[in-house]
Amino acid sequence: MPSCPQCASTNTRKSRKQSSRKGRYAWYESAYRCDECGARFKATDSFLLGSLASMAAVLIVFVLLGVWVSSGSTPREQDTLLAQDEAFPLEDVNPETQNYIGPAAMEGLAEGAQAGDAEAQFALAMALAGRYERTGDVALQVESQQWLEASATQNHARAQNELGNRHVTGRGVVQDFAQAADWYRKAAEQGDAEAMYGLGELMESGWGVDESLVEAYVWLNLASARGEKRANEARRQVLGRLSKEQLNEAQRRSRELDERIPRPDFASDLRASQTTAGNPSYR
């Protein structure tokens, strides 16, 4: 308790009655009474200030904890990420795998692409596209498109599918749904599930191709069977618009094409992803 300003006694206590001194009480002051001389006075409420200080400290702790949690990584993890950024600049990240492929691997991809390796051409095209997205350098987009087309003309399914995507969105090329359908079909006939899905979507809408719910169901059905998750819902929606005769025809065609079109070679896909992520063979 504060000491009495008249007799200096510490035998004081809070009082409900206000001091006779004029003036309003500050928010941090309270009324007190001295039990020795009976004087009434106002003084700083140390308990109130202490409580507010404690609440402020707790609030700061919670804010700092929230910031730490939202950062998504511990200080040690942040140090590791910083070291990776210094070792491998962001422009050398494989946009497909999000792995750091390093400057040496980028040079290896360029050498492989110039030598005519379709897989290296595709990987280089995607890496250049990632650089363009981060820098906005149009020259990178142009070069990416050139290598992508070089890979696609060698019948590289993923490059053909990516060309289909670009023609649908008009990214790096003039938007052209007919061209998109052609590239999707080339990739789909090699078993690319994403291209099957893209082709099915175009068939359903009639963009760039003759609208056909039967053909849309066929390609979406094949895409779903090969693991393309988006095809499940798309196929269900098309199914609700088919007659029984159309459904029978669509499922018959699905079986025929399923026997002819190759299934993905997961072993080769794994080898390809390791190569594009910086396999020593490209270093």
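List of remarks:
- Against the rule of thumb 2.2 N^0.38 Å, how large the Cα Rg of region 110-177 comes out: 1.02
- Radius of gyration and maximum dimension Dmax of region 121-218, Cα, Å: 13.6, 43
- Peptides 58-65, 159-166, 142-149, ordered by how many other C-beta atoms sit within 10 Å of their residues on average, highest first, read 159-166, 142-149, 58-65.
- Taking the convex hull of Cα positions in region 175-255, its mean projected area over all directions (nm²): 4.7
- Region 208-257, Rg to Rh (Cα coordinates; Rh as Kirkwood inverse mean 1/r): 0.94
- Values of log10 I(q)/I(0), in the order q = 0.19 Å⁻¹, for region 92-276 under a Debye, Cα-only, solvent-free model: -1.22
- Counted by neighbouring Cβ atoms within 10 Å, the residues Lys244, Lys14 run from fewest to most as Lys244, Lys14.
- Backbone amide hydrogens, once placed in the peptide plane, bring Ala31 within less than 5 Å of Ser15, excluding anything fewer than 5 places away on its chain.
Every read-out reported here was derived from the displayed coordinates using simple, explicitly stated rules and does not represent laboratory data. Just so it is clear, the structure is predicted and the values come from calculations on it, not from any experiment. Heads up, the Cβs are rebuilt from the backbone with ideal geometry, glycines too, and the neighbour counts pull from every protein chain shown.
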